[in-house]
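Working notes, structure below.
The values are calculated or read from the model by the stated rules, or taken from the named source; none is laboratory data. This is a predicted model, so every value here is computed, not measured. Here Cβ is always computed from backbone atoms with ideal geometry, including for glycine, and neighbour counts include all displayed protein chains. With ligands, DNA and RNA removed, areas are computed over all heavy atoms of the protein, side chains included. Shrake-Rupley method; radii C 1.70, N 1.55, O 1.52, S 1.80 Å.
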Amino acid sequence: KVKVFKEYKVGIIPTGTELIDRHTAPKIGDIIEFNSRLFEGLVLQYGAKPERYPIVEDNYDKIKGCIQKALEECDMVLVNAGSSQGREDFTYDIVEELGEVVIHGLAVKPGKPAILGQVQNKPVIGIPGYPVSAWVVMEKIVKPVLYKLNYKVEDEPVVVDATLSTR
């Protein structure tokens, strides 16, 4: 008998009307979306499987639909941007509608407006859009949560199979 663990899948949803794909020529006011690429790399480093979703414009129903889809396909959902209290920040209201907001606002800077929620017994984390805030929330919140859910020790060495290219 061998103990095995299911591969933990993390959905990553970038939101924002101002965001564009890296292959699109930017116009005035556009921002090239890259946080999801950072999250993808960090999630892999944390030992889980990332699932990046397309950019979702600032529209309540579209963001809600994408979160619902991600909840069907993933074990955890990260929503990037929309966690503050601005006019087009919908993450809090959507998480509250679909499940429960456990915490909104952390005693950490940068990263204060993060949202920790639970929907269908799955963690849903709203991460600020500012890149440094996003990284802090990934390291201080997402990483420990993933390690706990995957039964890992924080500083456990990672074993990777490799093939030498030369003798």
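Looking at the structure I just gave you, is GLU72 outside any loop (DSSP other than H, G, I, E, B), over 24 Å from GLU139 (Cβ atoms), within 17 Å of the chain's Cα centre (by Cα) and of a type in the set (D, E, K, R)? Considered against the rule, which asks whether it is outside any loop (DSSP other than H, G, I, E, B), over 24 Å from GLU139 (Cβ atoms), within 17 Å of the chain's Cα centre (by Cα) and of a type in the set (D, E, K, R), GLU72 comes out as yes.
Yes or no: the range 53-66 includes at least one residue that is farther than 20 Å from VAL95 by Cβ, free of Cβ contacts under 8 Å to residues at least 24 places away in the same chain and part of a helix (DSSP H, G or I). No, there is no match, as no residue in the range 53-66 is farther than 20 Å from VAL95 by Cβ, free of Cβ contacts under 8 Å to residues at least 24 places away in the same chain and part of a helix (DSSP H, G or I). Residues in the range 117-132 that are crowded, with 20+ Cβ neighbours inside 10 Å and without any contact (Cβ under 8 Å) to a residue 40 or more places away in the chain: 1 in all.
Taking the criterion of being small (Gly, Ala, Ser) and part of a strand (DSSP E or B), the only residue of the range 122-136 that qualifies is GLY126. Give all pairs with beta carbons closer than 9 Å in which a residue from the range 82-97 that is under 14 Å from GLY129 (Cα atoms) and at pLDDT below 90 meets a residue that is β-branched (Val, Ile, Thr) and open to solvent by 40 Å² or more (accessible area, probe 1.4 Å); count only pairs at least 6 apart in sequence or on separate chains. Listed pairs, sorted by first residue: GLU88/THR17.
For the range 7-20, the count of residues that are under 18 Å from VAL132 (Cβ atoms), open to solvent by 80 Å² or more (accessible area, probe 1.4 Å), assigned to a loop (DSSP other than H, G, I, E, B) and out of contact with any His (no Cβ under 8 Å at 6 or more places or on another chain) is zero.
Across the range 105-116, what is the number of residues that are open to solvent by less than 60 Å² (accessible area, probe 1.4 Å) and either over 19 Å from GLY16 (Cα atoms) or assigned to a strand (DSSP E or B) (or both)? Explain how you work it out, then say what you get.
Taking the range 105-116 as the starting set, the residues that turn out to be open to solvent by less than 60 Å² (accessible area, probe 1.4 Å) are 105-106, 108, 110-111, 113-116.
Filter again for either over 19 Å from GLY16 (Cα atoms) or assigned to a strand (DSSP E or B) (or both), leaving 105-106, 108, 110, 115-116.
So the count comes out to 6.
Among the residues of the range 21-52, those identified as open to solvent by less than 60 Å² (accessible area, probe 1.4 Å), touching a residue at least 24 places away in the same chain (Cβ under 8 Å) and part of a loop (DSSP other than H, G, I, E, B) are TYR46, GLY47, ALA48.
Within the range 137-149, restricting attention to residues that are in contact with an Asp or Glu (Cβ under 9 Å, 6 or more places away or on another chain) and either open to solvent by 30 Å² or more (accessible area, probe 1.4 Å) or in a strand (DSSP E or B) (or both), which residue is modelled with the lowest pLDDT?
In the first step, residues of the range 137-149 are kept if they are in contact with an Asp or Glu (Cβ under 9 Å, 6 or more places away or on another chain); the result is 143-144, 147, 149.
So of that shortlist, the ones also either open to solvent by 30 Å² or more (accessible area, probe 1.4 Å) or in a strand (DSSP E or B) (or both) come out as 143-144, 149.
Numbers: LYS143: 93, PRO144: 90, LEU149: 82.
Only one residue fits best here, namely LEU149.
Selection of the range 38-68 for residues being in contact with a strand residue (DSSP E or B) (Cβ under 8 Å, 6 or more places away or on another chain) and either of a type in the set (D, E, K, R) or at positive phi (or both) yields GLU40, LYS49, GLU51, ARG52, GLU57, ASP58, LYS62.
Scanning for something polar (S, T, N, Q), open to solvent by less than 70 Å² (accessible area, probe 1.4 Å) and farther than 23 Å from VAL145 by Cα, does the range 82-101 turn up at least one residue? Scanning the range 82-101, I find no residue that is polar (S, T, N, Q), open to solvent by less than 70 Å² (accessible area, probe 1.4 Å) and farther than 23 Å from VAL145 by Cα, so the answer is no.
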